Amino acid sequence: LLDNPELLLLDEPTNHLDMDMIEWLEKYLQQQKITLLMVTHDRYFLDRVCNHIIELEGGKLYHHRGNYAYFIEKRAEREAAFDVEISKAGKLLKKELEWMRRSPKARTTKSKSRISSFYKIKEKVDVKKIKKELQLEVKMSRIGGKILELKKVYKSYGDLEILKGFDYTFKKGERIGIIGKNGVGKSTFLNIITQKETTDSGKINIGETIVYGYFSQQGIKLKEDKRVIEVLKDIADVIVMADGSKIRASQLLQHFMFTPDMQYTYVSKLSGGERRRLYLLTVLMKNPNFLILDEPTNDLDLLTLNKLEEFLLQFKGCLILVSHDRYFMDKLTDHLFVFKGNGIVENHYCSYSEYREKQQLEEKETKKAGKATLEKHKTENIKKKLSFKEKYEYEQLEKDIEKLELEKKDLEAQLNNPNLDFESMNEITTKLGDIIAQIDQKSFRWIELDEFSK
């Protein structure tokens, strides 16, 4: 972005960004006069940034002049029209089939034309494929009265505090979303409740009937030389479904859009999205009643996301979801744990969009109150002169701001390094945010004192 390009190509730009950064990028792209070609599964991002959508399906490109909402509407219309066309072609095909069975000899121009027409109609009908859909109807283990209790839990890594006296008792059917900037401890929290990591102090009581299903960002390490079907058979050959029926691993894989040919494909040949879909299947087939999903939307296509959402909306167990996908979060959760950093975790009983609206309103009110206070000071102290202490503070602020601006310039130059690794970039970005906040704070105070220095 620092290069000010005329054409920007973005392939899943929101993956691994926290929500604050996604919202910043969203606003930036809305305001810039840049030609943008982007691949993304982030539906809010798609809806708010793009004004053209190109859909690739069945080897064809479809162009939609509008945002994601418009695309959904037009796609539904196209599929409805296609179904009507196929229905008509099917009826016509029956008539032509009867004629073809009489074995007409293609000796006349009329016969040749009719035979050619028959194959065109047949090709059109054959185009109508039964779409492979994700059917996630795996049976859930019975859940008892006691779910999960966390009492006065503390966790830190050196000076970095993750949890500071965290208390919470989970209830049946809770659907909790976890949000916060990168590095504040969201994944650590999930590892603590699944006992993959220990706490510094406090108690964690897990109900006897609780069966975790944990979909982590890291995924699972699969042997590259294993076939897809072998991965599942290592867990179970037969799976119990929600209605009590039993199906084999190969049938379940077909529900997950793994065709019979793909089932015998080696893991090394799978795409990133296919690997995550396979991993998701290994989590769900263990019949969990407490699902923990850490960034499940990365590298999943929209069809898979829609079907996963349908399953999770019907899931009766407890759900904890960490996701930067705001659409996904809004649709599935009604309660938020907001990790603020320094061990502070806030409870908000609302959707993510409601939380952001509330937050933005508070920010506006704070700015409004700050302006009113400044105006009041101007009016009340119009003739006021700076005290010796305030004069010293005023002069010191100028030096501090100048020093911070140099630090800001240096950090921005570091970010421009193309060889910078992700961890260093994350650390520099955090420092840059702190310095910008300090500049804003000191500049506001300098403006306030400057009014009295003249």
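What the table shows:
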| item | result |
| --- | --- |
| ³J(HN,Hα), Karplus 6.51/-1.76/1.60, whole Hz, each residue of the range 349-362, x for Gly, Pro | 8, 6, 7, 5, 4, 5, 5, 5, 4, 4, 5, 5, 5, 5 |
| Protection proxy ranking of 271-282, 416-427, 305-316 - average other beta-carbon atoms within 10 Å, highest first | 271-282, 305-316, 416-427 |
| ³J(HN,Hα), Karplus 6.51/-1.76/1.60, whole Hz, each residue of the range 253-265, x for Gly, Pro | 4, 5, 4, 8, 6, 9, 5, x, 5, 5, 5, 9, 7 |
| C-alpha center-to-center spacing [the range 178-198, the range 42-86] in angstrom | 37 Å |
| Beta bridge orientation in the range 2-85: antiparallel %, DSSP, nearest 5 | 50 percent |
| Cα centroid separation - the range 305-377 against the range 417-454, whole Å | 25 Å |
| Other-chain or far-sequence residues with amide H under 5 Å of THR333's (modelled H) | none |
| Listed pairs LYS146/LYS316; LYS226/LYS269; LYS196/LYS269 exceeding 22 Å between Cα atoms | LYS196/LYS269 |
| Approximate spin-label separation ARG48-LYS316, in nm, with each point projected 7 Å along Cα-to-Cβ | 3.7 nm |
| Two-site FRET efficiency, ASP440 against LEU56, from Cβ-Cβ distance with R₀ of 51 Å, rounded to 0.05 | 0.70 |
| Distance in nm between pseudo-label sites at ASN416 and ASP11 (7 Å out along the Cβ direction from Cα) | 2.7 nm |
| Modelled FRET efficiency - R0 22 Å, LYS196 with ILE220, Cβ distances, 0.05 increments | 0.95 |
| Net length gained if the chain between GLU395 and TYR264 were fully extended (0.36 nm per residue, minus Cα distance) | 39.9 nm |
| Solvent-accessible surface (1.4 angstrom probe) belonging to TYR355, in square angstrom, nearest 10 | 20 Å² |
| Label-point separation in nm, GLN360 to LEU303, each point 7 Å along Cα→Cβ | 3.4 nm |
| Of LYS223/LYS331; LYS33/LYS358; LYS186/LYS221; LYS408/LYS442, those spanning more than 24 Å from alpha-carbon to alpha-carbon | LYS223/LYS331; LYS33/LYS358 |
| Per-residue ³J(HN,Hα) for the range 187-194, Karplus 6.51 cos²θ - 1.76 cosθ + 1.60, θ = phi - 60°, Hz, x for Gly and Pro | 5, 4, 4, 5, 5, 5, 6, 9 |
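The values are calculated or read from the model by the stated rules, or taken from the named source; none is laboratory data. Note that this is a predicted model, so its numbers are computed, not measured. We place every Cβ from the backbone using ideal geometry, glycine too, and count neighbours over all the protein chains shown. Side chains included, ligands, DNA and RNA excluded: accessible areas come from the protein's heavy atoms. Shrake-Rupley method; radii C 1.70, N 1.55, O 1.52, S 1.80 Å.
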